[in-house]
Amino acid sequence: MSIQTKGSTMEVNNKTFDAGQTIKHFVARNGALIGLIVLCIVLAICAPAFLTGANILNVGIQAATTAILAFGQTFVIVSAGIDLSVGATAAISSMIVAYTGANMGLPAWSTIIIGLLAGAFFGALSGMANAYLKLPSFIATLAMMSVARGLTLVISDGRPISTSGLVNFFGSTIMGVPIPIVTMIIMGIIAAVILNYTSIGRSMYAVGGNMEASRLSGISVHKTQITVFILSGIFAAVAGLVIAGRLHSAQPEAGTGYEMDAIASVVIGGASLAGGKGRISGTFVGAILLAVIRNGLNILNVSSFWQQVVIGLVIAFAVSFDTLRRKEDAH
Amino acid sequence: MTRLSLVGVSKIFGNSKVVDNVSVTVDPGKVHVLLGENGAGKSTVIKMMSGIYQPDEGHIEIDGEEVTIPNVDAARRLGIAVIHQELNMVGELSIMENLFLGNLPTKAGFVDRSTMRSKAIEALKMIGLDEDVSKPMKELGVARQQMVEIAKALMQNASILILDEPTAALTQNECQQLFSIIGQLKAKNVGMVFISHHLDEIPKVGDVVTVLRDGQYIDTVPASTPESELVKLMVGRNITNQYPRKAAERGRVLLKVDSLNRAGAIEDVSFEVHAGEVVGLAGLVGAGRTEVLRAIFGADSYDSGEVTVDGTRVAKNSIPQSIAAGVGLVPEDRHTQGLVLGASVADNLGMATMIPTAKFGFVNRSLQRNNEGETSRKLNIHMSDINQSVGSLSGGNQQKVVFGKWTMAHVKVLLLDEPTRGVDVGARVEIYELINEITAHGGAVLMASSDLPEVLGMSDRVLVMSGGRISGDMPVSEATQESVMSLAVSHMQDSDSVDSHSNSADIPPKGLTSDSLQNTYEDNREGVLQ
């Protein structure tokens, strides 16, 4: 047995405070956060424009959509799944909001509820395909990504539809307070509460860690799997509102490729694609880190083509750092 | 002349000395047995021999000269090869390709198949294995795969062979084959290190035994040392009673199973388990023991029949309902079915009660934390901290966590499937004490086990299953190894009813002697351990 070396005989009898050890431990466990802080310091020195109030809010607004999608994605990844459809779900739900408002004349508040329900619905379909048809989530949501994007184009006929004032509120800045950032924070708190304090949230960790052991402990695996995709769908719908709100319209191509940023944020935040591990705070740091890198490179006048290269390297670096740390933990 | 010696080696991880000042010597033509409970440091010692770890203190000598072994490759060049418990092979590739894995003979950049074939045939001949070398590896049984690994090591001129629990996955007959190969290798002056949890194998293969405990070197004794003496050295104390069953007062019927049927697995199974009673469920692999437990628990469905727990009928195929009725299952494989290895001890203990005690969907954290702390103390789980990941505990402590999950849920009926598999002697007794505790508090226990002495030692009543049916039901006082075994194979004597899932290779001939029955039983017992 490989774990034998760390067996029961191990005793932590050395409880004396060791500052070096503690710092090392903290750095190892919060690599993404340290990376973010270092990056911010470097940018503040190299580009004075970075550390201005306006720019910081700008970074926050840029991060908001990715972060909201990534919070939803965290549920799925913790449960050992993956959701490739979040970008497309954001698009279809915001398109449904815009369509029911502009073309069907429904009251603005009800269109938002319909939009959120649409996100939940598409999530539920992926979840049921995963739970009952035993489709791997990668396949189920790959299919859903195509279906949802296609339906968005069908509904909109490939043209943007303008949105109501209430939707535009989600992209606006009221008295200096950017609503996307507020929305992100609220969704982050909701996600953290679900993941840490509710039985369904704790079940996600259990199911992601060992599905069979969870089932044999009375946890409903199917219910958990479907719930995570419903939640991911709802979070995607909220992100869709923010995207549409900022553009004052629902765009048929909105959110294309956003699933990759969402997944990257979760993974940079320390979650394991094997399931059972992940934190909302980590995901948040991951999303902010991506936004800071993009923003910093913009300020430094690096072309957007090179930005993609840098983002790719950051993902590879962050995850390999994490993998190495885990290996070290396991001796 | 000593080939390999570890001289006072230690290995430190973090704050703990996993191996502390251990000396071991390996002589040509001798088998040195390393003995110790899980966590005693055996694995770490062989990892130092094979270059995976380097000793933090002490040193390694080869032929009397001090060497450092920086990696596995260096160990191989020094003639040291390890046959791991999990074999390193590619099932889809042929035997010869596996023999030359990473080292394919080539001619002008292309694989030289004729050289590979002739060398492979030669290598198999060396250990007397008669197989077509172009056969895919996966078509061989575990024992033969292991022999191929040994052949590979010898082909690379290994003169020291480290066998890490080689018999864990073998049947009795396969073990005999392995032992005869070990005998041949001894004659060829190969020095061997042998690790096994089966004490009875030690006098059969070993020359000397070094006992480790908690990373410390305890003693080196001849392999002929009596088992009880070896256990004492391993555990550090006398185990006076291996099966400390304390019979409890028998109360009302807590579990009633009535004509349970599932096509191809269970046939007309009926029995009762009373409060305070431990009922042992014996039988061969494939007799339907696990299937019965899983059906009662709701993990698998069944075609007809009824399960009643303390007077309440339990719906089939619903684990949450079974748990609500007071049933718990300690499954046969704790790693894949019992625990979330990456999660903490606390989270694992709380897994069965988290949902039933939740309020408005929120986990009742203070209640759970309290109960988790209390359970871990009561069960004497050895850990540094309740937030430690369960995967870092020893096998026995992991099993206690699985038990704790159900004692925390206050189950009335506990179903145990191979409760002490892979658990050390010392921890095993602690688990038996837990069973006593459960029945003393009026619980009922149904224990399926392939370990016949355990069934006879810990049960109040024994049920024997054979071919999906109950073939015997007797108080433990009337049960003997022989009577249980002949009931366990009773369906096989009636050749018409040999069912599909009994392993046909293991069906003994008619006119069974108690000896051959014993072997059949043992073969099956070993077979489970894969």
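Values in this text are rule-based calculations from the coordinates and carry no lab data. From a predicted model like this one, the values you see are computed outputs, not experimental measurements. Using ideal geometry, Cβ is built from the backbone for each residue, glycine included, and neighbour counts are taken over all protein chains shown.
Would you kindly state how much longer the chain becomes between B:A74 and B:T312 on full extension, computed as 0.36 nm times their sequence separation minus their alpha carbon distance, in nm to one decimal?
Residue separation times 0.36 nm, minus the Cα-Cα distance, leaves 79.2 nm.
Which of the lysines could be linked to B:K152 by a straight reach, that is with a Cα gap under 27 Å, when you skip same-chain ones fewer than 8 residues away?
Cross-link targets: B:K30, B:K42, B:K47, B:K107, B:K119, B:K125, B:K135, B:K138, B:K186, B:K188, B:K204.
How far is helix A:199-209 tilted off the main Cα axis of chain A, in degrees rounded to 10, range 0 to 90?
Once rounded, one gets 60 degrees.
Got a sec to turn the phi values of the range A:112-124 into Karplus ³J(HN,Hα) couplings, 6.51 cos²θ - 1.76 cosθ + 1.60 with θ = phi - 60°, whole Hz, x for Gly and Pro?
Once θ is set to phi - 60°, the couplings for the range A:112-124 become 5, 5, 4, x, 5, 5, 4, x, 4, 5, 5, x, 4 Hz.
Put +1 on the Cβ of each Lys and Arg and -1 on the Cβ of each Asp and Glu in chain B; which of B:S477, B:G64, B:S118 then has its Cα farthest toward the positive end of the dipole?
B:G64
Using mean Cβ contacts within 10 Å as the protection proxy, how do A:201-212, A:139-150, B:409-420 order, highest first?
The peptides rank, most packed first, as A:201-212, B:409-420, A:139-150.
In straight Cα distance, which aspartates and glutamates are under 17 Å from B:K316, not counting same-chain residues fewer than 8 positions off?
B:D258, B:E267, B:D268, B:E291, B:D300, B:D303, B:E306
By how many degrees, 0 to 90 and rounded to 10, does the Cα axis of helix A:86-102 deviate from the longest principal axis of chain A?
Once rounded, the angle reads 30 degrees.
Give me the one-decimal nm value for the distance between modelled label points at B:R117 and A:Q307, 7 Å along each residue's Cα-to-Cβ direction.
Taking the simple label geometry, B:R117 and A:Q307 are separated by 6.1 nm.
Tell me whether the range B:4-235 comes out rounded, prolate or oblate; compute the Cα gyration tensor, take square roots of the eigenvalues as a ≥ b ≥ c, and use a/c under 1.5 as the rounded threshold.
prolate
When the label point is put 7 Å from the Cα of B:S224 along its Cα-to-beta-carbon vector, which residues of the range B:167-193 have a backbone N closer than 19 Å?
Within reach of a label on B:S224: B:183.
Can you list the residues, at least 5 places off or on another chain, whose amide H is less than 5 Å from the amide H of B:D300, using H built in the peptide plane?
Answer set, sorted by chain and number: B:A295.
Projecting each Cα onto the charge dipole of the range B:4-235 (Lys/Arg +1, Asp/Glu -1 at the beta carbon, about the Cα centre), which of B:N88, B:M137, B:L78 comes out farthest on the positive side?
So the residue we want is B:M137.
Can you give the relative contact order of chain A as a percent, counting alpha carbon pairs under 8 Å and 6+ residues apart?
This gives 31 percent for chain A.
Evaluate the Debye formula for the protein assembly as shown with equal point scatterers sitting on the alpha carbons, no solvent, and hand back log10 of I(q)/I(0) at q = 0.05, 0.11 Å⁻¹, in q order, two decimals.
Evaluating at q = 0.05, 0.11 Å⁻¹ gives log10 I(q)/I(0) of -0.35, -1.34.
For chain B, list log₁₀ I(q)/I(0) at each q in 0.07, 0.09, 0.10 Å⁻¹, using the Debye formula over Cα point scatterers of equal strength and ignoring solvent, two decimals each.
Values, matching the q order: -0.46, -0.75, -0.91.
Taking amide H positions as placed 1.01 Å from N in the peptide plane, with prolines and chain starts having none, which residues 5 or more places from B:E57, or on another chain, fall under 5 Å of its amide H?
Distant-sequence amide H within range of B:E57: B:S10.
Give the relative contact order (percent, whole number) for chain B; include only Cα pairs under 8 Å separated by 6+ residues.
Value for chain B: 15 percent.
Over the range A:212-331, what portion of Cα pair distances is larger than 19 Å, expressed as a whole percent?
61
Using θ = phi - 60° and the Karplus relation 6.51 cos²θ - 1.76 cosθ + 1.60, list the HN-Hα couplings for the range B:136-141 in order, rounded to whole Hz, with x at every Gly or Pro.
Per residue, the Karplus-derived 3J(HN,Hα) values read x, 4, 5, 7, 8, x Hz.
Under a point-charge model restricted to the Cβ atoms of Lys and Arg (+1) and Asp and Glu (-1), what is the dipole moment magnitude of the range A:52-329 relative to its Cα centre, in debye to the nearest 20?
300
Taking 51 Å as R0, compute the FRET efficiency from the Cβ-Cβ separation of A:A49 and B:E437 and round it to 0.05.
Efficiency computed from Cβ-Cβ geometry: 0.15.
Given N residues in the range B:317-383, what is its alpha carbon radius of gyration divided by 2.2 N^0.38 Å?
Taking N as the residue count of the range B:317-383, the ratio is 1.17.
How large are Rg and Dmax for the range A:202-251 when only the alpha carbon atoms are used, in Å?
Every Cα atom of the range A:202-251 included, Rg and Dmax give 16.1, 49 Å.
Can you give me the relative contact order of the range B:339-405 as a percent, contacts being Cα pairs under 8 Å and 6 or more apart?
Reported as a whole number, the value is 50 percent.
Treat every Asp and Glu Cβ in chain B as -1 and every Lys and Arg Cβ as +1, leave all other atoms uncharged, and give the resulting dipole magnitude about the Cα centre to the nearest 20 debye.
1020
What translational diffusion coefficient, in µm²/s and rounded to a whole number, does the Stokes-Einstein relation yield for chain A at 4 °C and a viscosity of 1.567 mPa s, taking the hydrodynamic radius as the Kirkwood radius over Cα pairs?
It diffuses with D of about 62 µm²/s by this estimate.
Given the rule -39500 (n - 2.57) for each run of at least 4 DSSP H residues, summed and divided by the residues of chain B, what is its mean residue ellipticity at 222 nm, to the nearest 500 deg cm²/dmol?
Helix contribution divided over all residues of chain B: -9500 deg cm²/dmol.
Checking understanding here: applying a Kyte-Doolittle mean of at least 0.0 and a length along the axis of at least 18 Å (C-alpha), which whole DSSP H helices in chain B pass?
Helices passing the filter in chain B: B:142-155, B:425-440.
Could you run the Karplus curve 6.51 cos²θ - 1.76 cosθ + 1.60 with θ = phi - 60° over the range B:99-104 and give me ³J(HN,Hα) per residue in whole Hz, x for Gly and Pro?
Rounded to whole hertz, the list is 4, 9, 3, x, 8, 5.
Just to be sure I understand: of the beta bridges DSSP finds with both ends in chain B, what percent are antiparallel, rounded to 5?
Beta bridges within chain B, antiparallel portion: roughly 55 percent.
So for the protein assembly as shown, taking the charge dipole from beta-carbon charges (+1 Lys/Arg, -1 Asp/Glu), which of B:A299, B:Q156, A:I179 sits furthest toward the positive end?
So the residue we want is A:I179.
Give the long-range amide H neighbours of A:S249: residues separated by 5 or more places, or on another chain, with amide H under 5 Å away, using H modelled in the peptide plane at 1.01 Å from N.
Those qualifying (amide H under 5 Å, at least 5 residues apart or on another chain) are A:T163.
For B:L93 and B:T336 in one chain, what is 0.36 nm times their gap in residues minus the Cα-Cα distance, to one decimal in nm?
Separation in residues times 0.36 nm, less the Cα-Cα distance, equals 84.7 nm.
Under a plain spin-label model, where a point goes 7 Å from the Cα along Cα-to-Cβ, how far apart in nm are B:H198 and A:L135?
4.8
Kindly give the semi-axes, whole Å and largest first, of the ellipsoid equivalent to the range B:234-343, taking each as the square root of 5 times a Cα gyration tensor eigenvalue.
27, 19, 16
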